[in-house]
Amino acid sequence: MIVARGPMSADARYRRIAADIRTRIEAGEWRVGEWLPSRNAMAAEYGVNPQTMRLAHALLRRTGILEGERRRGVYVAHPPAMRTLTDADADWPHSSETTDTRPRRADAELAGRLDVPAGTLLQHETVERLDPGGRSAMLVSSWWRGRRQPHDSYVIELGVAPLGEEQAAALGMLVDALAYRLVRTRLNRDGRPVETADLILPMDRWLVRLGGTTRHVSGGAQ
């Protein structure tokens, strides 16, 4: 169980608790289909308000770790079905949520990917793609310069990278857990980059079988 060390925001607290509950489930403390203790009992165990525990449970339900009913409590869900990605540029057939649209300055990596000077102001959006049950399936962060332009082709670099704090929170996973990272760069008819994106796919929810132009990048953050 986590132990609080100094002040912690309410947002950070329920996310830490959710991560700890996931760790305990993975360690076998509760099996698939087994009910967890009541919200009040777990709130007392973690030394938090029941509302904080409600938020932790809601996050774990949204990411497919827990299921449950409002009055009966929550239980360990069956693992989400594995999906297979065959086209990294296809439209997403289910719902999605845009979580961030703040412009960003191009760092050295983004500058190289878009063939622009470092420091160029880029448009940006991060979209959380949801499965048919409303659970997080993948994150897509895109960057482009000026107005969004149509593209004629794309290239993919496939690698593995540890999750950052925001990515882990959105996907209901632990910070530094490994996930597939697909770097997708869209090209115009002249072969020049017009947009680039990071597709982050949890390795326990996806198989990746891509055709076309794909370059494999060995493990670690790129």
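Once the C-beta distance of Asp204 and Asn49 is scaled by a Förster radius of 30 Å, the resulting FRET efficiency is 0.45 to the nearest 0.05. What shape does the chain have by the C-alpha gyration tensor, where a ≥ b ≥ c are the square roots of the eigenvalues, rounded means a/c under 1.5, and otherwise prolate means a/b greater than b/c and oblate the rest? Prolate, since a/c reaches 1.5 and a/b exceeds b/c. When the trypsin sites (Lys or Arg not before Pro) in the stretch 25-57 are filtered for DSSP coil states and for at most 10 other beta-carbon atoms within 10 Å of their beta-carbon, the remaining sites are Arg31. Based on Cα contacts under 8 Å between residues 6+ apart, the chain shows a relative contact order of 18 percent.
The residues of the stretch 1-158 have, on average, 58 Å² of accessible surface per residue, using a 1.4 Å probe with all protein chains present. Summarised in one figure, the compactness ratio Rg/Rh of the stretch 50-117, Cα atoms and Kirkwood Rh, is 1.16. Inter-label distance, Ala58 to Ala41: 2.4 nm, where each label sits 7 Å from its Cα along the C-beta direction. Pull out a ≥ b ≥ c, the square roots of the eigenvalues of the alpha-carbon gyration tensor of the stretch 18-145, then state rounded if a/c is under 1.5, prolate if not and a/b is larger than b/c, and oblate in the remaining case. Prolate, since a/c reaches 1.5 and a/b exceeds b/c. Taking the C-alpha atoms only, the angle from helix 50-62 to the longest principal axis of the chain is near 50 degrees. Here the stretch 131-145 is scanned for amide nitrogen atoms under 17 Å from the site 7 Å beyond the Cα of Val32 along Cα-to-Cβ, giving none.
In percent, how large is the relative contact order of the stretch 103-209, given Cα pairs closer than 8 Å and 6 or more residues apart? 25 percent. Would you work out if the stretch 80-119 is rounded, prolate or oblate? Take a ≥ b ≥ c from the square roots of the eigenvalues of the alpha-carbon gyration tensor; rounded if a/c is under 1.5, else prolate when a/b is larger than b/c, oblate otherwise. Prolate, because a/c is 1.5 or more and a/b exceeds b/c.
How long is the gain from Asp176 to Asp11 if the chain were fully straight, where each residue apart is worth 0.36 nm and the alpha carbon distance is subtracted?
Between Asp176 and Asp11, full extension yields an extra 57.5 nm.
Carbon and sulfur atoms: what percent of the 1.4 Å accessible area of the chain do they account for?
Numbers: 5940 of 12370 Å².
Within the chain, the accessible surface is 48 percent carbon and sulfur.
Which value in deg cm²/dmol, rounded to the nearest 500, describes the helix-derived mean residue ellipticity at 222 nm for the chain, given -39,500 (n - 2.57) per DSSP H run of n ≥ 4 and division by the residue count?
Values: 5 runs with 52 residues, N = 222.
Helix contribution divided over all residues of the chain: -7000 deg cm²/dmol.
Over all directions, how big on average is the projection of the convex hull of the alpha-carbon atoms in the stretch 91-211, in square nanometres?
Working: hull surface 31.2 nm².
Its Cα hull, projected and averaged over all orientations, spans 7.8 nm².
The values are calculated or read from the model by the stated rules, or taken from the named source; none is laboratory data. All of these numbers come straight from a predicted model, not from anything done at the bench. Virtual Cβ from ideal backbone geometry, glycine too; neighbours counted across all protein chains shown. Calculation scope for accessible area: heavy atoms of the full protein, side chains included, ligands and nucleic acids excluded. Shrake-Rupley method; radii C 1.70, N 1.55, O 1.52, S 1.80 Å.
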